[in-house]
Each structure stands twice: as structure tokens, then as C-alpha cells.
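Remarks on the structure that follows.
The values are calculated or read from the model by the stated rules, or taken from the named source; none is laboratory data. Here the structure is a predicted model, which means the values were calculated and not measured. Methodologically, a virtual Cβ is constructed for each residue, glycine included, from the backbone with ideal geometry; neighbour enumeration extends over all protein chains shown. Ligands, DNA and RNA are stripped out before the accessible areas are found, and what is left, the full protein with its side chains, is counted by its heavy atoms. Shrake-Rupley method; radii C 1.70, N 1.55, O 1.52, S 1.80 Å.
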Amino acid sequence: WAFTSLHPRRTSLIALSSVSKSSELWNVEKVDHISEWTTNHESYPNPLSLKDKIPSSWFVGVDDAVAMNVKIDAHETIDVSDDDTDEDGDEHTTVGHRGGINAEAFILAGPRAEISFDPSTSKAAIVTCGGLCPGLNSVVREVVMCLSRQYGVKDIVGIPKGYRGFLYPEEWKSLDEGGVQNLHNQGGSMLGSSRGGHDTGAIVDSLVNEGINLLFVSGGDGTVRGASKIAEEVKRRGLAISVACIPKTIDNDIPLIDRTFGFETACEAACEAIKVANTEAAGFPFGLGVVKVMGRNSGFIAMHSSLGSCVADLCLVPEVDFYLDGKGGIVDHLYERLLVNDKAVVVVAEGAGQKLMAELGAAGEEVKDASGNVLLDDVGPWLCKQLKQRLDERLEEASIHGDKLTLKYVDPSYMVRGVPPNTADNLYCLQLAHNAVHGAMAGLSNFIVGSVNTKECYVPISMVANKRSVIDTSHQSLWEMVVFSTGQPSFQTNDDKDAITTASGGTTI
Ligand SMILES: Nc1ncnc2c1ncn2[C@@H]1O[C@H](COP(=O)(O)OP(=O)(O)OP(=O)(O)O)[C@@H](O)[C@H]1O
Ligand SMILES: O=P(O)(O)OC[C@H]1O[C@](O)(CO)[C@@H](O)[C@@H]1O
Ligand SMILES: [Mg+2]
């Protein structure tokens, strides 16, 4: 049996906050530590502790953890012991349970009292890889600021243009506080980025040759997989190098964590495009605005900006197959909207409708980018063509003033990505970057830093490397709200399944 407190105030504390003696209560996911494979491991007092005004309670305890998905099943919980009064005088009941609690936990992020590297002899490197993302510059800035101001690490280099930059040390940029001061106001990455070009052995050789012992990597799922390979090779060679990852992607598709940085900014920019499409649609008879937003395999930007803009009549995402014709198809839905409102707005994620396009013979040859990501067929223009043809036919049949559909297509494309981060993302980048530094200085490695249940923690890369976060389309999800608020078909009923088959077999372009 495990024991915990079920006093309401205590329960939320356990679920959302740090938990001491966590290993006794929760399954805390372990993160690699360099002492596990290095022989001459030493520890040093955290320089922050040498500053008078910082209380020792601000350091994270070795057992502190953040609980995720805490579920307590009352049926499996049995009262076993007495009422208790804690130091604050709060009464709470201690109960035992058997199998009624499901709490996976992660190590709480933050500064440790003891660190594993001597700041005066440490050398740090920062690299940004994959697609650009609002906040990359903020991450670079804050890694430098935290290393330099809080730990006194002065030897910091930026690796230009992603992983390939490790091969050209002569091009590395020296980074200091002055040089990164105003970075957070700029979009993109001052270091540049790239796809492809990852060579694990050569990267680790380069780290060794250049005396790097702290590596900070910011990128998406591919970058994270690459970082894990570096960390594993470092381990295999028994090197005292910490590898810390700060996951980025506007697609928000990294599992387990609350959100990735850049996502909120991208949604805000996407909302602007949707509002413009709505204005255009409203300005003409039977106006249809179609907006395509980024989101290769996960439709979070489409979903959040559809709801956030409050004007979308239809949201199409990669996670939900849809069909054009027949009862409950998107043409019926949009036609009804056009008749009622004289306009409609469609938001489509770039990864939506790929299966339908293939079934209807509109897919091209498979092409991949340098990192091996499949380049998608362009759903935007294809969808516009399908809708124009079908809705024009409907309007012609109805013969309302002889009007036809006025279609306005908006593709904000890189406009949602190449912009500076908003305040919320900037703040998140600061928290992530500082906590990545705290973790690396403490000797942790092979982890990503992220917010889980609103608390920053360290998650082993192995837990996120080969998974993708996608929209939950089940009951009481945000997707349900999209379906309710737009009135669009859910495409999840049995009738829909039949209709998908019919549409697949019969629709021609
Ligand atoms: N399995 C892998 N092993 C090693 N390196 C990888 C792997 N997958 C991708 N990489 C490397 O990671 C870098 C970035 O990968 P990718 O282009 O897929 O972008 P990403 O990090 O997934 O970002 P995003 O998809 O959000 O733009 C590239 O340099 C690529 O070579
Ligand atoms: O054109 P690029 O730079 O390869 O990136 C496009 C992709 O990057 C992402 O923005 C992820 O970073 C995807 O949504 C998009 O498909
Ligand atoms: Mg990716």
C-alpha cells in the first residue's frame, strides 16, 4: 500500500505542485546524471548559494517531483488511519489505497544546492535546429544570461546553422551578455538553423576537441532525437558532458509537456489571418474565406486559432478524416452556413485531408526534406478548387440573384513562424532556458525541460523521442468545443464512416 493525504487542499498540492519524498509515493522518471558514467566526478556549491540573499529553501530538493495525471479512484481507496494535524494546524485524513492512484512524476526543475561543473572552467555550446520558431532567440539569450550571470560561466559559444555547424568550429560565435541583450525582440534564430546534417560521432568529437561540457539544444522532435543520440554517445565514451534540450515547435506536438514555446505566438498570428479572411468573406456575396495554417501531423494551431478567432465555421485537422460530399459532408455544412450568414470561414491545417487527396488521385510523388520529413501535398489550393466547384453548383441551382461563390484564400505560411515571441512565450522561454541551465549545471543529461501541470520539470528524452502529441478528439476535449461551436460534422459517427467510403469511391475532381 502507498499512503497519501486526501484532504482537498492537499490533493491539489500533490497534483499540481512539488512533492517531497516523491519516490515513496510516485513513480518518478529518472534522468541520466554524468556521475553514472564519469569516474572523476566532483561537486561544487551552487554559486547562487554564495549570494547572501538567497534562502537555502529556494534550491530544489533531490526528491522533489512534479506529478502528472494524478487520478484517485474512490472505489479503490480505503480509509485506514486516523485524522492528522499538520504543522500549519490543518486537519487532514490519511488514507491508504491499493492501486487507486495513478501518478507518474518527473523531477522538478530548478537550481540545485550542489552542482557538477566548475563554472570557471566550463564551456557551453548552444545550437538551434529544425524549422524556425518564435522564441528561439529568447532561449539563446536566456541560456547565456543564466550561465553568465547566475553561474559565472563565461565561455559560451553559438553553433551556427544547426547540427551541421558542429563540423565547422572556426565559424562558432562567442556569446556574452552584451551580444544577446536585445535578441528577444527578434524573430528567427541569431544562430540560424538547418535540416539534415546530423553526424553523432563527428558532433561528439567536436565537443571533445573544443572542450565543451555543457550542450544546450533547441529544436523539434527530430532535433530531440539527434540530441539523445549525442547524449548516448557521450555516455558510451564516459565523457563529463551534459546534454540539455529545450523543445521548440509551433506545431506543439511534443508529448507529455503542457505546450511548446512559440505555439501561442503562432496561434495569435494565425488568428490575425483568420480575421482578415473573415473580413474579406463578409465583404462580398456568398463569401468564403479559406485559411491554411502550419501543422504537419498535429492540428493544434488550426484548432486553437479557430476557437480563438471566434469566426471559423469549419476547422480541418490531420487527426480527423473528413469528406466533401453527401449527407454530413463539409460541402453541405458550408452551403448551409452561406445561406444563413452569407459568408463562411474555413481553417485548414496543412496536414489535413492528405488521405482524401490520395484517394481522389490528387497526391503527388513522395518527396522528403533533408531531415527525412515527408513534404505534404498542398491541401489549401486543392480544397479551394473542390469547394468552389461544388458550392457554385449549389448556388446556381438555388439561383439567388445569380450570385456565385466569392472565394478568398489566405495562406499566412511563415508569417506565423518568423515573428518575435509574444509576452507569454517570451516568459516561457526564459523559464525553460534557465531551468535547462540549472539541470545541466547539476550534471543532469539526456533530458528535455518542459512544463507539466504548469510546473517546470526534467523529462528523459527517451519518453518523448519517438512519440507525437496529437489532438484529443474524445468526449470533453477542446476538439469537442470546436465541433459544438462551429456546428461542423464530427466525422466520428457510424454514418460518417459509411459516407467516407462512399465519397472515397465516387467523387471525381
Ligand atoms: N532520428 C534522428 N537522429 C539524428 N538526428 C536527427 C534525427 N531526426 C532528425 N535529426 C536531425 O535533427 C535536426 C532537425 O530535425 P527536423 O528537420 O526533423 O526538425 P525538428 O527538430 O523536428 O523541428 P520541426 O519539425 O519542428 O521544424 C536535423 O539536423 C536532423 O538531421
Ligand atoms: O518549410 P520548412 O522550413 O521546412 O518548415 C515547414 C514545417 O515546419 C513546421 O513549422 C514545424 O516547424 C511545420 O508546421 C511545417 O510543415
Ligand atoms: Mg519535426
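Numbers for the structure displayed
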item	result
Accessible solvent surface per residue of region 207-305, calculated while the other protein chains remain in place, 1.4 angstrom probe, Å²	29
Of all accessible heavy-atom area on region 432-483, the percent that carbon and sulfur account for (1.4 Å)	49
Mean projected area (nm²) of the alpha-carbon convex hull when region 385-479 is viewed from all directions	11.5
Ranked packing of 478-489, 31-42, 429-440, most packed first, by mean Cβ within 10 Å	429-440, 478-489, 31-42
Taking the C-alpha atoms of region 134-216, convex hull volume expressed per residue in Å³	87
Accessible-area composition of region 222-366, carbon plus sulfur, in percent [1.4 Å probe]	49
Ranked packing of 469-476, 224-231, most packed first, by mean Cβ within 10 Å	224-231, 469-476
Extension gain from VAL208 to SER477, taking 0.36 nm per residue of separation minus the Cα-Cα distance	92.1 nm
Within region 378-484: Cβ-based charge dipole about Cα centre, in debye rounded to nearest 20 (Lys, Arg +1; Asp, Glu -1)	260
Electrostatic dipole magnitude of region 173-311 [Cβ: Lys, Arg +1; Asp, Glu -1; Cα centre; debye, to 20]	300
J(HN,Hα) series, region 155-163, from Karplus relation 6.51 cos²θ - 1.76 cosθ + 1.60, nearest Hz, glycine and proline x	8, 10, 10, x, 8, x, 6, x, 4
Estimated inter-spin distance, VAL62 and ALA358, nm [label 7 Å along Cα→Cβ]	5.1
Largest-first ellipsoid semi-axes for region 193-232, taking √(5λ) over the Cα gyration tensor eigenvalues, angstrom	17, 11, 10
Label-point separation in nm, GLU366 to ILE54, each point 7 Å along Cα→Cβ	5.1
Förster radius 25 Å - calculated FRET efficiency between ASP325 and LYS404, Cβ distance, rounded to 0.05	0.85
